[in-house]
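One structure is given here, and the rest of the page talks about it.
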Amino acid sequence: MSQRTNPFDPVYRLANSGNLAEKLRQLPEFPHFIDLELTNTCDFRCLMCPTGTHLQRRGKGFMRDEIFYRLLEGVRERRTPLRFIRWGEPTLHPRLIHYLEATHAAGILTHMNTNGNNLDDALIDALLAIPLDSIKFSFQGVDVQSYREMRNTDFFATLISRIKKLHTQRGDRPAPYIQISTTITYETREQVAAFRRMVAPYADLVSVGRTVLGHLDASQVKCSATDRQTLQRLQTQESVVKKHKQCPEVFDKLSVDWDGTVTACCADYDHFMTIGNLATDSLEAIWRSEKMQHYRTLLADMHHSELPLCRTCYDFMGLDTPGLQET
């Protein structure tokens, strides 16, 4: 891996500074960064995902210009970084490049997560021309088999080849910062080490965590009988250490869905923890709302059991306790 610096590192360091009690007393005036969801549709059917398994009940759609530009205006003065991620594949949005260009033109640091399925030559050229500051490629597993059984597609080798192409095309340019992230269930340390060796030459950062599956009700997923059996088997092999994390979400970030709904939680796939909507509320008002403050108080006291999403939310990447997941 290269010695490049993640452009978001200063943002994350600021967001993770101080304990939760201190954050509760000295809340920042505005979130340190914002996640936005261009769409909650996806071209994959991953077994660990509420979108892929059709557990998500809210309506499907694509962010409209009206919502996007309201968000952009809300962060323009502060230049609050934006991350194009959440519960869908952003490259499916027909206005993706336009939105990224507008964000970059506003001087705002920009990141995108992707499964890489639509990363053709034209998209690579467009991302480099902007340039996008940071991009993360989402894997599952560490080889063809473990990727296929979780993601329901034989795309492992193709994804690596596309990352290689982006890395080559980037060359000595400063951006984008290239990240590869995966989570595992039963894979061995030897398999993880082999994966790291394979992808490290084409990434600036490789991160490995543990897949959380226990929160999914296999009887409710809409998939084939074979896929359901696979999910049930993988659930018996789930290896995540079930340690609740010191959650920075409600103290440092907001998450905006495609329809302008704002939620307190990055894991909120079905509007369990909504706190406002950009159609009627300002980001400042949402950030300081009574409901958001209620969530902050609960999580500062580590009362995860009182919130349905938080009960099964764990430090699956070992962010609070490095080495926790032993990967």
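Here are some notes:
- Our Cα-only numbers for region 54-103 put the radius of gyration and Dmax at 12.2, 38 Å.
- Label reach from residue 105 (point 7 Å along Cα→C-beta): in region 48-79, amide nitrogens under 16 Å belong to 65-66, 68-74, 76-77.
- Taking label points 7 Å from Cα along the Cα-to-Cβ direction, residue 288 and residue 13 give a separation of 2.9 nm.
- Taking the 1.4 Å solvent-accessible surface of the chain as the whole, the part contributed by carbon and sulfur is 50%.
- Whole-angstrom gap from region 44-65 to region 112-190, using each part's C-alpha centre: 20
- Fraction of antiparallel bridges per DSSP, the chain only, in percent to nearest 5: 20
- Modelled label positions at residue 189 and residue 29, each set 7 Å beyond Cα in the direction of Cβ, lie 4.9 nm from each other.
- Around the amide H of residue 207, modelled in the peptide plane, lie the amide H atoms of 180, 181, 182, all under 5 Å away and 5 or more residues distant in sequence or on another chain.
- Contour minus Cα-Cα distance for residue 70 and residue 143 (0.36 nm per residue): 22.1 nm
- Residue separation of residue 120 and residue 303 scaled by 0.36 nm, minus their Cα-Cα distance, works out to 61.4 nm of gained length.
- With both labels modelled 7 Å from their Cα along Cα-to-Cβ, the residue 281 to residue 167 distance reads 4.3 nm.
- Where a label projected 7 Å from the Cα of residue 6 along Cα→Cβ would reach, residues of region 101-138 with amide N under 12 Å: 134-137
- Between residue 78 and residue 237, full extension at 0.36 nm per residue minus the direct alpha carbon distance yields a gain of 52.8 nm.
- Secondary-structure-derived ellipticity at 222 nm for the chain, considering helices only, amounts to -9500 deg cm²/dmol, per-run term -39500 (n - 2.57) for DSSP H runs with n ≥ 4.
- With every protein chain in place and a 1.4 angstrom probe, the accessible-area ranking of 268, 133, 301, 65, largest first, reads 301, 65, 133, 268.
- Here's the picture: charge each Lys and Arg Cβ at +1 and each Asp and Glu Cβ at -1 in region 1-128, and of 123, 21, 111 the one pushed furthest to the positive end of that dipole is 21.
- Of the GluC sites (Glu not before Pro) found in region 44-139, those that fall in a DSSP loop while having at most 14 other beta-carbon atoms within 10 Å are 77.
- Correct choice for Cα Rg over 2.2 N^0.38 Å that was computed from the model, options (i) 1.02; (ii) 0.96; (iii) 1.20: (ii)
- Using the 1.4 Å probe convention, the accessible area of region 71-186 works out to 38 Å² per residue with neighbouring protein chains retained.
The values are calculated or read from the model by the stated rules, or taken from the named source; none is laboratory data. Bear in mind that the values here come from a model prediction, so they are computed numbers and not experimental data. Reconstructed Cβ throughout: ideal geometry from the backbone, glycine too, with neighbour counts over all protein chains shown. Remember, those area values only see protein heavy atoms, side chains included, never the ligands or the DNA or RNA. Shrake-Rupley method; radii C 1.70, N 1.55, O 1.52, S 1.80 Å.
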